[in-house]
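Some notes on the structure that comes next.
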Amino acid sequence: MKEETRGNKTSLKSPSLRQNLVIRFIRENLGILIGLLILCLILVIYDFFRGRTVFLSTNNIMNVLRQVATNLYIACGMTMIIILGGIDLSVGSIMSLSGCVTAMLLMYNNYSLAMAVAMGLLVGVAFGAFNGLVVAKTTIPPFIVTLATMNIARGASYVYTGGQPIRVMSDSFNFIGSGYVFKIIPVPVVYLVFIVGVSAFIMNRTKLGRHIYAVGGNPTAARFSGIKNSRVLFFAFLFSGLMSAISGVVLASRMFSGQPTAGQGAEMDAIAAVVLGGTSMSGGVGKIGGTVIGALIIGVLNNGLNLLNINSFWQYIVKGVVILIAVYVDFVKKNRNTIKSTG
């Protein structure tokens, strides 16, 4: 079939081009795709010997996707930041504060649902903008900046709520995180498809995405080529703050309350998904598609440990081991590439 073209660019409507993109995606992520398939196969075999089909049941699959969704919102923003060679430790605390602000305004200040959610998202945008401004305009490492805002946001959550959860008795609010589309697809999964699509478009199809890779790969060269490094950094942290706030509102809706303790360890899950997805901690390398697979592996791991009746505390150990293995693999790849380039 003849490919549709516009000028010198091949249209994405071409079936052959779409097929090539799928093949390239599989090749780029073959290792972690195999890992995900092996993990799923182990759980299927376990179910088989137990004489049940829990893991592959529709309810369980949708439950895994719903749990993965809030992590993946954050991981999309974290991917951009890690590609830039930075890190954002404040995402979990921003999640908590955004959810608490939304719940408080809705239940105790008589705000409309739209306004309460908008204010919750604005909290995330404000913290993200602050992180981005400080990182972009100073030489303070992102680790230190976001460590500070992590504590500020978490403390603000406790002060704002008095350390108590804020119960939300609103069907319209609860639908945001607990509702279903066509009585089968969780609403957070619908948001997930949109957010992943937007993130992938930014990274792969826009000048901003190319600038993110350029700044992450070599900030000095990017600056000399005319790229405004500070603007790129500012956007990435702003986007991360927004994603954290969305995750916080959705999580508060799922729990029917704003919880000042919500989001603890969320930064670890997001970093694990990003690194496991092939994004280099030293910057310049990474894909949103890999992050999606990484988040799925983390989600299936958590779900599998529960199905195997393994104590939930082991999940922390497993995630730590996964991060360590992923970083080591990245280290080995970098060494091989260095040897090839110098040899």
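Points worth noting:
- Single condition Ser253 does not satisfy, out of (1) under 17 Å from the mean Cα position of the chain (by Cα); (2) of a type outside the set (Asp, Glu); (3) surrounded by 24 or more Cβ atoms within 10 Å (Cβ to Cβ): (1)
- Of the candidates Val134, Val123, the single residue that is within 25 Å of the chain's Cα centre (by Cα), β-branched (Val, Ile, Thr), crowded, with 23+ Cβ neighbours inside 10 Å and not in a loop (DSSP other than H, G, I, E, B) is Val123.
- Some residue of the range 320-328 being aromatic (Phe, Trp, Tyr) and farther than 26 Å from Leu97 by Cβ: yes
- Matching residues in the range 81-115 - criterion: being without any contact (Cβ under 8 Å) to a residue 24 or more places away in the chain and of a type in the set (A, V, I, L, M, F, W, C): Leu105, Ala114, Met115
- Condition check for Val64 on (1) buried (at least 21 other Cβ atoms within 10 Å of the Cβ); (2) of a type outside the set (Ser, Thr, Tyr); (3) assigned to a helix (DSSP H, G or I): one failure, at (1).
- Any hit, the range 88-110, residues being of a type in the set (D, E, K, R), under 19 Å from the mean Cα position of the chain (by Cα), under 16 Å from Ser244 (Cα atoms) and modelled with pLDDT of 95 or more: yes
- Residue check, Gly155 over 23 Å from Leu89 (Cβ atoms), at pLDDT 90 or above and not charged (D, E, K, R): no
- Qualifying residue in the range 95-103 (condition: touching a helix residue (DSSP H, G or I) at 6+ places or on another chain (Cβ under 7 Å), more than 20 Å from Ile202 (Cα to Cα) and surrounded by fewer than 24 Cβ atoms within 10 Å (Cβ to Cβ)): no
- Picking from residues in the range 1-41 that are among the β-branched types (Val, Ile, Thr) and surrounded by 14 or more Cβ atoms within 10 Å (Cβ to Cβ), the one that is modelled with the highest pLDDT is Ile32.
- Of all the listed residues (Asn311, Asn303, Asn335), the sole one being in contact with a helix residue (DSSP H, G or I) (Cβ under 7 Å, 6 or more places away or on another chain) and surrounded by fewer than 24 Cβ atoms within 10 Å (Cβ to Cβ) is Asn303.
- Residue within the range 182-196 that is closer than 21 Å to Pro142 by Cα, out of contact with any strand residue (DSSP E or B) (no Cβ under 7 Å at 6 or more places or on another chain) and either surrounded by 24 or more Cβ atoms within 10 Å (Cβ to Cβ) or aromatic (Phe, Trp, Tyr) (or both) present: no
- Residues of the range 116-127 that are in contact with a Leu (Cβ under 9 Å, 6 or more places away or on another chain) and either in contact (Cβ under 8 Å) with a residue 60 or more places away in the chain or acidic (Asp, Glu) (or both): Val117, Gly120, Leu121, Val123, Gly124, Val125, Phe127.
- Checked across the range 281-304, the condition of being without any contact (Cβ under 8 Å) to a residue 60 or more places away in the chain and either under 19 Å from the mean Cα position of the chain (by Cα) or on the phi < 0 side of the Ramachandran plot (or both) holds for no residue.
Residues checked against (1) aliphatic (A, V, I, L, M); (2) closer than 30 Å to Lys183 by Cβ:
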residue	(1), (2)
Asn63	no, yes
Gln67	no, yes
Leu72	yes, yes
Met78	yes, no
Gly85	no, no
Ser98	no, yes
Ala103	yes, yes
Asn110	no, no
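- Screening Phe175 against (1) touching a residue at least 24 places away in the same chain (Cβ under 8 Å); (2) assigned to a helix (DSSP H, G or I); (3) buried (at least 20 other Cβ atoms within 10 Å of the Cβ) leaves a single unmet condition, (3).
- Test: Ile227 is buried (at least 24 other Cβ atoms within 10 Å of the Cβ) and touching a residue at least 12 places away in the same chain (Cβ under 8 Å): no
- In this entry, Leu301 passes the filter for residues that are at pLDDT 85 or above and within 23 Å of Val187 (Cα to Cα).
The values are calculated or read from the model by the stated rules, or taken from the named source; none is laboratory data. Source: prediction; values computed, not measured. Please note: Cβ atoms are built from the backbone with ideal geometry, for glycine as well, and neighbour counts cover all protein chains shown.
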